[in-house]
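**Student:** Structure incoming, see below.
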Amino acid sequence: MSASTRILTRAAALTGDRNATVDIKDGPRRSTATCRGCQWSRDHGVDYRSVLTEWAQEHADQCTAVPG
């Protein structure tokens, strides 16, 4: 099963660019978060997705990079 989440970054709030997001994708064993603006990335086992979501939200709240 694969699920995904998209979190708008601070850049999205400042510029209105709805492509400025941190995207979380779930694989069979790992979840990965990637910022489309600055390319920040983290991954964790799917059992700890809530931890990864917390990291992604913290990053999104501060990131002002706009996707190129």
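The values are calculated or read from the model by the stated rules, or taken from the named source; none is laboratory data. Since this is a predicted model, take the numbers as computed values, not measurements. Note that each Cβ is placed from the backbone with ideal geometry, even for glycine, and that neighbours are counted across all protein chains shown.
**Student:** Just a yes or no: is a residue in segment 43-56 under 11 Å from the mean Cα position of the chain (by Cα) and in a strand (DSSP E or B)?
**Tutor:** Yes, some residue in segment 43-56 is under 11 Å from the mean Cα position of the chain (by Cα) and in a strand (DSSP E or B).
**Student:** Same structure, new question: Out of ASP17, ASP43, which single residue is touching a residue at least 12 places away in the same chain (Cβ under 8 Å) and touching a Lys or Arg at 6+ places or on another chain (Cβ under 9 Å)?
**Tutor:** On inspection, the qualifying residue turns out to be ASP43.
**Student:** Those residues that are in contact (Cβ under 8 Å) with a residue 24 or more places away in the chain and out of contact with any strand residue (DSSP E or B) (no Cβ under 8 Å at 6 or more places or on another chain), I need them from segment 48-68; list them, please.
**Tutor:** Matches in segment 48-68: ASP61, GLN62, THR64, VAL66, PRO67.
**Student:** Continuing with the same structure: With the requirement that a residue be among the polar types (S, T, N, Q), in a strand (DSSP E or B) and either surrounded by 16 or more Cβ atoms within 10 Å (Cβ to Cβ) or modelled with pLDDT of 95 or more (or both), what does segment 1-42 give you?
**Tutor:** Result: THR5, THR21, SER31, THR32, THR34, SER41.
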